[in-house]
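Single-structure report; data block below.
The values are calculated or read from the model by the stated rules, or taken from the named source; none is laboratory data. All of these numbers come straight from a predicted model, not from anything done at the bench. Note that we place each Cβ from the backbone using ideal geometry, even for glycine, and neighbour counts take in every protein chain shown. These area figures cover heavy atoms from the full protein model, side chains too; ligands, DNA and RNA do not enter into them. Shrake-Rupley method; radii C 1.70, N 1.55, O 1.52, S 1.80 Å.
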Amino acid sequence: AFFSNNSFMSVARFLRGLENKYDFLARMKQRLILLLAAECVIAVPAVFLTAWVLLDWIGEIWIAVVLLLAALGLFLLAGYVREYNRNVDDFGRVIDYVGQMRSGSLCEPLSVSGDFAGLAADLNDIMDGVNRAVEEQMHSERMKIELVTNVSHDLKTPLTSIIGYADMLRSYELDAADRRTAAEYIFSEGKRLEAL
């Protein structure tokens, strides 16, 4: 616990959190680090110089006030850095989600809070619409296949009868009554096909 929860490990975790697989986001985090470094280079000596001057002129109570204000400023700056880092990470998740949308391999909705929550909701709505459209298209294709299958069956049944009776008329010697029956059957099946 000592080796995983000390100041050095906290700094290491913070620095690992600044890494990002997108160049744009990595540059944004590097700019934040440069801003923090500039703040430390400028602000820390200014605080100590101000405290030293005030100590000489006014007394020890003002140095405590200056140091308290400096600590408050560092606390607010740390909160800003944490929020900025979270926003950049959320933006990275949005980019990943859009990439998954493009490839068509999404499983669950995007869940992002804060500044990108509205964008995440819009992307989820778009993906729901795309999924509904794909589902309707698949349903339509299934209905077309079923229609073709049914029509094919309905057309094939009378056609098979017509071909059978025509072959019987052609191949066998039939008397006039049988020929007339076969011709009537062929005619009625032909009318049935015409209706279809």
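Overview of values
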read-out: Cβ pairs under 9 Å, 6+ apart, first in segment 171-196 and within 27 Å of ASP154 (Cβ to Cβ) and without any contact (Cβ under 8 Å) to a residue 12 or more places away in the chain, second of a type outside the set (Asp, Glu) and open to solvent by 70 Å² or more (accessible area, probe 1.4 Å); value: THR181/TYR165
read-out: Complete set of residues in segment 104-123 that are surrounded by fewer than 16 Cβ atoms within 10 Å (Cβ to Cβ) and either in contact with an Asp or Glu (Cβ under 7 Å, 6 or more places away or on another chain) or of a type in the set (Asp, Glu) (or both); value: GLU108, GLY114, ASP115, ASP122
read-out: Selection within segment 176-193 - among the acidic types (Asp, Glu) and open to solvent by less than 60 Å² (accessible area, probe 1.4 Å); value: GLU189
read-out: Filter pass, ARG132 being over 23 Å from ARG192 (Cα atoms), out of contact with any strand residue (DSSP E or B) (no Cβ under 9 Å at 6 or more places or on another chain), among the basic types (Lys, Arg) and part of a helix (DSSP H, G or I); value: yes
read-out: Of all residues making up segment 137-170, the number that are open to solvent by less than 90 Å² (accessible area, probe 1.4 Å) and either in contact (Cβ under 8 Å) with a residue 12 or more places away in the chain or more than 51 Å from the chain's Cα centre (by Cα) (or both); value: 14
read-out: Residue among GLU173, GLU108 that alone is of a type outside the set (A, V, I, L, M, F, W, C), closer than 30 Å to LEU25 by Cα and outside any helix (DSSP H, G or I); value: GLU108
read-out: Pick from segment 79-103, criterion without any contact (Cβ under 8 Å) to a residue 24 or more places away in the chain and open to solvent by less than 60 Å² (accessible area, probe 1.4 Å), ranking: nearest to PHE14 (Cα to Cα); value: GLY79
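Results for (1) of a type outside the set (Ser, Thr, Tyr); (2) part of a helix (DSSP H, G or I); (3) open to solvent by less than 50 Å² (accessible area, probe 1.4 Å); (4) modelled with pLDDT of 70 or more, shown as yes or no for each residue.
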| site | (1), (2), (3), (4) |
| --- | --- |
| PHE3 | yes, no, no, no |
| VAL11 | yes, yes, no, yes |
| LEU34 | yes, yes, no, yes |
| PHE48 | yes, yes, no, yes |
| ASP56 | yes, yes, no, no |
| VAL66 | yes, yes, yes, no |
